[in-house]
Every structure is written in C-alpha cells, then in structure tokens.
C-alpha cells in the first residue's frame, strides 16, 4: 500500500481535520471547555468523508493492478449511506413535533437547570431516531433524540426519549439521560 503522502490533498485534509475535530470534541468534554461541542459530530463526518477518499484511492490502485475492489466499493456504499442518513436526520429532526416537545421539556427541567444554568441554546447537530406508525384512527410513535444543551454555566450532552401513545394526540417525554 502507498504512503499517506501520496493521497490527494482533499483526502488528507478530510482525514486530518476529522481526527483533529473528533479529538477536540472529546477533549472539550473531558476538560470542560464550553466551545464548539459540535466538533465531535462534524469531525466524524469529515473523517468518514476522508475514509471514502482513501477507499477511492485504493480502488484506483487496484484498477491499475487489474484487481477487483469489491470490499472497497461496499465500504464506500456503507459510509455514503451512513452520511446520508445522518444528514437527513440533521435536517428533518429539528422540525418534528417530538423534537419540539423534547426542547420544551429540557428548557423547563429544574434539575437540568440547576446543573447547567439557564438553557441558552442547543447544538447545531442533533441525532437520533424517530418512528411513527399511523392508521385511520390512531397514531403512535417513539423517538430517541441526542443533542447538546448549552447552559450559561456549562454544556451537556442529553439523550431524551419521547413517546406518542394511542390514547394521546401529543408527544410526551418518557425519560432523559
């Protein structure tokens, strides 16, 4: 395999920037630095893009050697799917009723307020999952939402579980970690 110096500039930049942002994201949590907590999520995305670039490079090398590159192509497909789903969730999730109920609950939670201070905002990148099933009469669902809550004292990563039951038209918070 070729050396890191032979990768194109874009791949090297994505890999290095991604790793630096991931390391900073975990470090800022460890050392209680309350600036740019979104770096962890952004870093993982950039790192995945760098890995895709690396896999394209491997395909190029194998093509010149007239070898098959099926594992590399499968890897690219999986990483592209992961990035697409994450991007879709980042765009759609903040506009759901479940997310709005979770935000309101977080803003009003006295225990959290005593820990982080007054909620001043939320991180730019929210992840999670949401499932909603409906028929002609009822609608049920569940959601798991992970987000960064920014307080005037400190920041905190929160995972909140929201459900929508058959007998209720509204989402409600079941648990918060």
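Read-outs: derived from the displayed coordinates by stated rules, not from any lab. What you see is a predicted model, and the numbers here were worked out from it, not measured in a lab. We place every Cβ from the backbone using ideal geometry, glycine too, and count neighbours over all the protein chains shown.
Once the Cα atoms are used to define both axes, helix 97-108 deviates from the longest principal axis of the chain by about 70 degrees.
So if R0 is 35 Å, what FRET efficiency would residue 134 and residue 80 give, r being the distance between their Cβ atoms, rounded to the nearest 0.05? E(calc), rounded to 0.05, equals 0.70. Separation of the range 124-177 from the range 12-38 is 26 Å, based on Cα centroids.
Counted by neighbouring Cβ atoms within 10 Å, the residues 88, 124 run from fewest to most as 88, 124. Determine, from the Cβ-Cβ distance of residue 65 and residue 10 and an R0 of 30 Å, the FRET efficiency 1/(1 + (r/R0)^6), rounded to the nearest 0.05. Approximately 0.85, to the nearest 0.05. Taking the number of Cβ atoms within 10 Å of each Cβ as an exposure proxy, the fewest-first ranking of 142, 41, 27 is 27, 142, 41.
GNM remark for the chain: springs join alpha carbons under 10 Å apart, and the peak mean-square fluctuation among 84, 31, 155 falls on 31. Taking the longest Cα principal axis of the chain as reference, the axis of helix 70-92 is set at about 30 degrees.
Please report the antiparallel percentage of the DSSP beta bridges confined to the chain, to the nearest 5. Provide the component values of the computation, followed by the final result.
Values: 25 of 25 bridges.
Just about 100 percent of them are antiparallel.
Fewest neighbouring Cβ atoms within 10 Å first, the residues 120, 96 line up as 120, 96.
May I ask for the angle, rounded to the nearest 10°, between helix 39-64 and the longest principal axis of the chain, with both axes built from Cα atoms and the value confined to 0 to 90°? Long axis of 39-64 versus the principal axis of the chain: about 30 degrees.
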